[in-house]
1. Name the single residue that is surrounded by the fewest Cβ atoms within 10 Å (Cβ to Cβ) among those in the stretch 319-345 being in contact (Cβ under 8 Å) with a residue 40 or more places away in the chain and part of a loop (DSSP other than H, G, I, E, B).
2. Quick test of your reading of the structure: Tyr180 fulfils all but one of (1) within 26 Å of Pro57 (Cβ to Cβ); (2) open to solvent by 20 Å² or more (accessible area, probe 1.4 Å); (3) hydroxyl-bearing (Ser, Thr, Tyr). Name the failing condition by number.
3. So Gln264 fits all but one of (1) touching a Lys or Arg at 6+ places or on another chain (Cβ under 8 Å); (2) over 30 Å from Asp347 (Cβ atoms); (3) not β-branched (Val, Ile, Thr); what number is the exception?
4. Among what's in the stretch 122-151 and is modelled with pLDDT of 95 or more and in a strand (DSSP E or B), pick the residue that is surrounded by the most Cβ atoms within 10 Å (Cβ to Cβ).
5. For Ser324, work out the one condition from (1) at pLDDT 90 or above; (2) under 23 Å from Asn140 (Cβ atoms); (3) among the polar types (S, T, N, Q) it doesn't fulfil.
6. Being touching a strand residue (DSSP E or B) at 6+ places or on another chain (Cβ under 6 Å) and under 24 Å from Arg147 (Cβ atoms) narrows it down to one residue among Ala266, Ala283; which is it?
7. Between a residue in the stretch 2-21 that is within 17 Å of Ala40 (Cβ to Cβ) and any residue that is assigned to a helix (DSSP H, G or I) and open to solvent by 10 Å² or more (accessible area, probe 1.4 Å), which pairs come within a Cβ distance under 8 Å, given they are 6 or more apart or on different chains?
8. Out of the helices (runs of 4 or more DSSP H) lying entirely within the stretch 231-318, which hold 1 or more residues that are farther than 25 Å from Ser157 by Cα and in contact (Cβ under 8 Å) with a residue 12 or more places away in the chain?
Amino acid sequence: MLQTSYLVVGRGHIGLATAVYLSNQGYTVYLFSRRSSILAQTKTIHSIGAVSPGSYPVAACSNNIYELMALNGGRLPQNLVICCRGQDIEPYARILAEYINPQMNILVFCASRFAGRVFCKVLQRLGIAKEQLPAVADVNNTPFVSRGNTEDQIRISTLSNKFFVAAQNRTMTTRIVTAYQAVFSNLCPAASVLEINLNKVNDIIHLPLLLVSLARWESGEDYNLYHNLGSRTVGLIDHLDRDRIAVGEALGILNLIDIKSHYQIAYGTTGSSLYEHMQQVGAYSSTTLCNPHHRYLVEDLPYGCFPLQVLARLAGVETPFLDSCITIGNKFLDIPLEWTAEFLELDRHQLSQELY
């Protein structure tokens, strides 16, 4: 069946960019966010970046799921794109659970590891049987680089050359690719969900950069942590990435994308060193921090690096640099790290079964 409408969940910069990208292609877009206010019909989002510049209509924007359903014939669109942080995936799953059906195709744009798995686990704990779950797919990267300026304005700097996707099994992965590839031509299937989650690298890039500038971050200074980036700092990123690759190898994932290859595949950068590749990502020139609760720490540590450490423990791999980053970063966060092996329902046997 031809898909003509989409529900975008989350109103951060990725949610706004996704709404623009879909609207630009002529689809009807509904935008849902827990943080939106009253129902706003035919809302306009302004895009000022190099990709899809212009103003684009959104059929409706609301924090009330009933209102959006009423405007779409009393049901949700069959294709949902969830764009959120790790800490938001559980609340959104609880909100959407009542309206989920097995035919839905849900794409999760979330930098956190195992976001799709957590979404499914919450649905199951709310009474949805495993065989009645929709296809829920994680991605290793977003399809574009974007930055929000205001709640109604977005800058999409560039498209990723490729981003990879995997759902609960091979059949559902194929279904997701079929549902979304016409919309996102840069979407490619991955071998498994485990591979996708090991190939997420936002935390690998962000956490070392933040740790070397914690004094500025803690003071609330508005600064660009990529400005005057030095080779030694880039070396810290490389060390953390080696720990990630070691975890993958111990779990039988031998074709992980290293951090340098990530830049090359996603953004077409070139060069012999990671430092050279990072210098070529233009979007970094406008990436500033001014919020002591910035996602580079409050999302990437508990929902990125910590689940990676959970995998390392299951694999029996020593990850000294990863452990150090988590120890130092958590002293500044001082919050419980909740995505444990027990919460994620992960064990070594379970992981081997997911290598489809």
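1. The residue in question is Glu345.
2. Result: Tyr180 fails condition (2) only.
3. (1)
4. Asp138
5. Every listed condition holds for Ser324 apart from (2).
6. None of the other options fit; the residue is Ala283.
7. Between residues of the stretch 2-21 that are within 17 Å of Ala40 (Cβ to Cβ) and residues that are assigned to a helix (DSSP H, G or I) and open to solvent by 10 Å² or more (accessible area, probe 1.4 Å), the close pairs are Gly10/Asp88.
8. Helices (runs of 4 or more DSSP H) meeting the threshold: 231-250, 306-315.
The values are calculated or read from the model by the stated rules, or taken from the named source; none is laboratory data. These numbers were taken from a predicted model, which means no experiment stands behind them. Virtual Cβ from ideal backbone geometry, glycine too; neighbours counted across all protein chains shown. We work out accessible area using only protein heavy atoms, side chains counted, and drop any ligands, DNA or RNA first. Shrake-Rupley method; radii C 1.70, N 1.55, O 1.52, S 1.80 Å.
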